[in-house]
Every structure is written in C-alpha cells, then in structure tokens.
1. Please state, to two decimals, what the Cα-based radius of gyration of segment 5-111 comes to when divided by 2.2 N^0.38 Å (N = residues).
2. Over 20 Å between Cα atoms, which of 249/294; 7/83; 43/86; 28/123 qualify?
3. Considering the chain as a Gaussian network with a 10 Å cut-off on Cα pairs, which listed residue, 127, 91, 114, attains the greatest mean-square fluctuation?
4. Starting from the Cα of residue 168, move 7 Å in the Cα-to-Cβ direction to define the label point; list residues of segment 126-151 whose amide nitrogen is under 14 Å from there.
5. How high is the relative contact order of the chain, given as a whole-number percent (alpha carbon pairs under 8 Å, six or more residues apart)?
6. With no solvent and one equal point scatterer placed on each C-alpha of the chain, evaluate the Debye formula and give log10 I(q)/I(0) for q = 0.08, 0.15 Å⁻¹, two decimals.
7. How about segment 43-134: which trypsin sites (Lys or Arg not before Pro) there lie in a loop by DSSP and see at most 14 other Cβ atoms within 10 Å?
8. For the chain, set up a GNM with springs between Cα atoms under 10 Å and report which of 232, 75, 161 has the largest fluctuation.
Amino acid sequence: MAKDQFKACFSVIDQQQKVTIKATGSFKNNATGFEDFYAWKRKHAREKLPVHYLVEATGIYHENLAWFLYNKNCSVSVILPNKAKKYIQGLGLKSKNDKIDAKGLAKMCAEQSLDFWRSISKKIYLLRSLTRLHEDLTVERSSLNNRLQALEHAMFDVKESKKSLRKVIASIDKELANLEAKIKDTVDNDPELDSRSKKITGIKGVGLMTFAVVVAETNGFEIFNNIPQLTSYAGYDVLENQSGTITGKSRMSKKGNSHIRRVLHMPAFNVVKFEPEFKTFYDRVYCNTNIKMKAYVAVQRKLLSLIYTLWKKNCEYNPTIQRQESQIVFGAIPEESKKPSTSCLAL
C-alpha cells in the first residue's frame, strides 16, 4: 500500500497445498481504484470459492481499502510490515519491490490462517487520533525545552533564539491543554467510555490519559481473547534464547505497540507508590533481579493486565478482590504456595 496506488497479487491454493500466482495488478488508492480492484478480483476468482484478502498496514494508507472490502462483507486481514518482511525473507527472496511484496503476501494469505480485521469505531478512531497527536506534541515540547535549557548555558546570551523557543513552547502548551480537554470530552460524552473510565481510574496512579491511550490503541480490547495476546501486542512478551544445553538471557521483545508502553511508564511508578498490591509485586521482582527498571516494566505489564480484566468484567478496582484473583489478574502464584522463579518474575 502507498499513498497514491497499491500493488495486488491474486493466488490460488489447491488441495495439495500448492500456491499458484494467477495475476498481479496495480491500482489507484482511491474509490475508483478500489472498484477497479474488486472487478479485477471477480475476473480471476472462481465462483463459489472463498476469497481471503490480506493487506499490509502502511501508516494509514491501507485503511480505506480495508474499510471498502469490510463493507462488502469480505474476509479481510491486516498484517504489520515486519511480519510480512520476515515471511518474505523466509521464502528466500533477496530483492524487494512492491510486486515481490504483493506476491509474498498472496502466498502468506493462502498458506496461513490469519485473524480477520475488525473495523475500529469512529469514537475510538477519534480518541486514538487525539492521543497520538498529544504524544507527538509532548515529544516535540520536550525536545524544544532541552534546546532552551542548552541556550541558557551557552557561551553568549542569544535572547532572540530563547524568545522564539519560549513562544513556540507556550503555543504547544496551549494546544496540549486543548487536546486534553477534547480527550476528556470524547470520553465524558460517551456513556460506556465514561462509565468504564471511572472504574479503571479508581486505580491510584492511573489517570484519564492512560485510560484513553490504552483503550484507543487496543480498540476497546475488541481483538483480544486473553492477557497473553494483549501483552504480546503491547511488546511485553518475553523472548527466550535457548538451544540445546545453552540457555541465554531472556528479554522483553518490545515488538509491539509502543504507544501503550510509553503511556504506562509513569503510572507504573505511581501504582508502586500508592497501591500496596503493586508495591508487593515490585519488591518481589526486584528482590529476584536486583534491577529496578525490570521490576517497573513487570509492573507495567501487570497494570495493563489489570486494566484489561477490569474492562472485560466491567467492574471497579477492589484490592481485596484482586488479591484473591491474583492468579488471573497478576499472573502470579501466591508466595505461600510456590517460590517465585527468576524466569516468570523477569517478565
């Protein structure tokens, strides 16, 4: 998928699991191109045989095509570029261009059982747009503020530059406040989001912005059936490094939604400070690893799992109940029943 056009490839898999490329084509990335593409598909597809569409996510340029096919009740899957790249490399293809990528995606779609794409609701789409813009402006403000601090200690006093930077920073602060108000209005004006936000923000240290980002980036947890799927999506899953008798160091993958990991960074510090259950969990991990940040990352993972559980059950946070359900919410086994192991605590 590109801004102006997209490449397509049509493949067929037979009963012997052999994949055959039937046709390739190029179409405009607009409404006319989508209709041409759909007519092209009907020309090459056999009647009464199911057709599965696989689209590579490229920024937002894939969304209109996915929505077009979704409205026609087609079976659509959307895959991240890194997964497509790894698959194509596994085929032994060294060159890279749009046509090769399209053929690789066609084979991947024919060979693998992929999850169907679900359309995001308009309110969640708006919330995601607002929270991502807020994050971008926050990063930009931090960069400009660092530049201003550097000028404060410069060899010469450059008043003009400092004045301009302060003016830009003040403008960003104003827009950030405006965005925060819009995010709050978006949540408050939706009865379901408003009700759930009040329950989840009952966790001391979790604010409205944390709630908004997590819900927006997960589409209200619509695509997840369990906590392992969610933690993998957010990049909190653990990569093992073991072969034969050699056991390497396990680490967090960080191959997932970075917006979620970013917004959970500060809440992890807050819940350890204000919530006894998280403080106990943090101490246990730190005792086994002697690495503070690894313990805080483990807290982030458990906090995300807790938010997911409260959302699915549509209930308020109750430390007593959560302690009784620790095996479900925290994924931890009580200390009196089992000694904590390094492998599970280093998540």
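1. Rg over 2.2 N^0.38 Å, computed on Cα atoms: 1.03.
2. 43/86; 28/123
3. Looking only at 127, 91, 114, the largest GNM fluctuation is found for 91.
4. 137-151
5. Answer for the chain is 12 percent.
6. Listed by q, the Debye log ratios stand at -0.54, -1.27.
7. Qualifying residues, ordered by number: 46, 48, 72, 94, 96, 118.
8. The residue with the greatest mean-square fluctuation here is 161.
Readers should treat all values here as calculations from the given coordinates under stated rules, not as data from a laboratory. Because the structure is predicted, anything quoted here is derived from the model rather than measured. Quick reminder, even Gly has a Cβ in these numbers, built from the backbone with ideal geometry, and neighbours come from all protein chains shown.
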